[in-house]
Amino acid sequence: MNLLLDLGNSRCKFQIVENRQIKKHGALPYIGANKLAVIESLLREHNFNNKVIICSVFDVKFNNQLKKLLDGYSIKDYYFLAPAAHTFGVRLHYLAPENLGADRLAVLIAAKEKFIGNNCIVDCGTAITIDALDKKGLHHGGVILPGLVSMLQALTVDTDIQRNESSETYNVFSNATEDAIYTGCLSAVAGGIQHVIDTMQTHCDSFDHVIITGGDAETVIPILARKVEYEPKLVLDGLMVVMGNL
């Protein structure tokens, strides 16, 4: 069995693959648990005797700890996706490719594999990334902006505002402070995404596909003023491509 790990800031997304078939996938939150302990729970439950492919947003120290954990379970065939090492057919237009996040590379790899033409890929996570990928697999660069949760949390840091996440409602005529903040932040996210896409298209050919992924994608999609194609596990899809090419 193979294990694919998408290690984001808030969750460990995983996919278990056997004979090129997806057997199981899911997401495990880090809340209340050590990140390595969450990953170890997967290693204890399954016998991964083939490849482990990892996309990690964490630093070298954490990744080295993870390598020791994998070694402790006698897993030797593991691979950390690193933009500076191999881009699996995507050509990066980035001054320092090693500074591009592994998660951004993974969604570019997946988009190149799954969609024909000029693509814009929007990943709505802790940060929102918007990247342009042309039909020849050339990454033209992109934009990073704060994610929805980051915006909401920023407003509570320097103010006395108390959020009630369970009752937040999108309403441009909000009559409650919580709803007004939620609506404002969600509108800013959607507006920012729309503005970047429109501006990108004034400098290059129109996009054949605008693809959206990430934990907040389903919240953002209804507010966007354009058609998008939702791919809920695009990073893992990219790791599937990586696995097949190693």
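Every test in (1) out of contact with any His (no Cβ under 9 Å at 6 or more places or on another chain); (2) part of a helix (DSSP H, G or I) is passed by residue 212 save one, and that test is (2).
Here the helices (runs of 4 or more DSSP H) wholly within the range 35-131 that include at least 1 residues being within 30 Å of residue 206 (Cα to Cα) and touching a Ser or Thr at 6+ places or on another chain (Cβ under 7 Å) are 102-114. For beta carbons closer than 6 Å, sequence separation of 6+ or different chains, a first residue in the range 209-220 that is under 11 Å from residue 231 (Cβ atoms) and a second that is surrounded by 20 or more Cβ atoms within 10 Å (Cβ to Cβ) and β-branched (Val, Ile, Thr), the qualifying pairs are 211/121; 212/122.
Could you say whether any residue in the range 217-226 is assigned to a strand (DSSP E or B) and either surrounded by 18 or more Cβ atoms within 10 Å (Cβ to Cβ) or of a type in the set (S, T, N, Q) (or both)? Checking the range 217-226: not a single residue is assigned to a strand (DSSP E or B) and either surrounded by 18 or more Cβ atoms within 10 Å (Cβ to Cβ) or of a type in the set (S, T, N, Q) (or both). Note on the range 170-203: residues that are within 20 Å of residue 150 (Cβ to Cβ) and in a loop (DSSP other than H, G, I, E, B) total 1.
Do the conditions hold for residue 115, that is, is it under 19 Å from residue 50 (Cβ atoms) and at pLDDT 95 or above? Show your work before the answer.
Working: under 19 Å from residue 50 (Cβ atoms): no; at pLDDT 95 or above: yes.
No: the conditions fail for residue 115.
Considering only the range 128-136, I want to know if a residue exists there that is within 17 Å of the chain's Cα centre (by Cα), without any contact (Cβ under 8 Å) to a residue 40 or more places away in the chain, surrounded by 19 or more Cβ atoms within 10 Å (Cβ to Cβ) and assigned by TED's automatic domain parsing to the domain that holds residue 208. Yes - at least one qualifying residue is present in the range 128-136. Taking the criterion of being out of contact with any strand residue (DSSP E or B) (no Cβ under 7 Å at 6 or more places or on another chain) and under 12 Å from residue 211 (Cβ atoms), the only residue of the range 117-134 that qualifies is 118. Scanning the range 195-216 for residues that are surrounded by fewer than 18 Cβ atoms within 10 Å (Cβ to Cβ), modelled with pLDDT of 95 or more and among the hydroxyl-bearing types (Ser, Thr, Tyr) yields a single hit, 199.
The values are calculated or read from the model by the stated rules, or taken from the named source; none is laboratory data. Everything numeric here is computed off the predicted structure, so don't read it as measured data. Every residue, glycine as well, gets a Cβ built from its backbone with ideal geometry; the counts of neighbours run over all protein chains shown.
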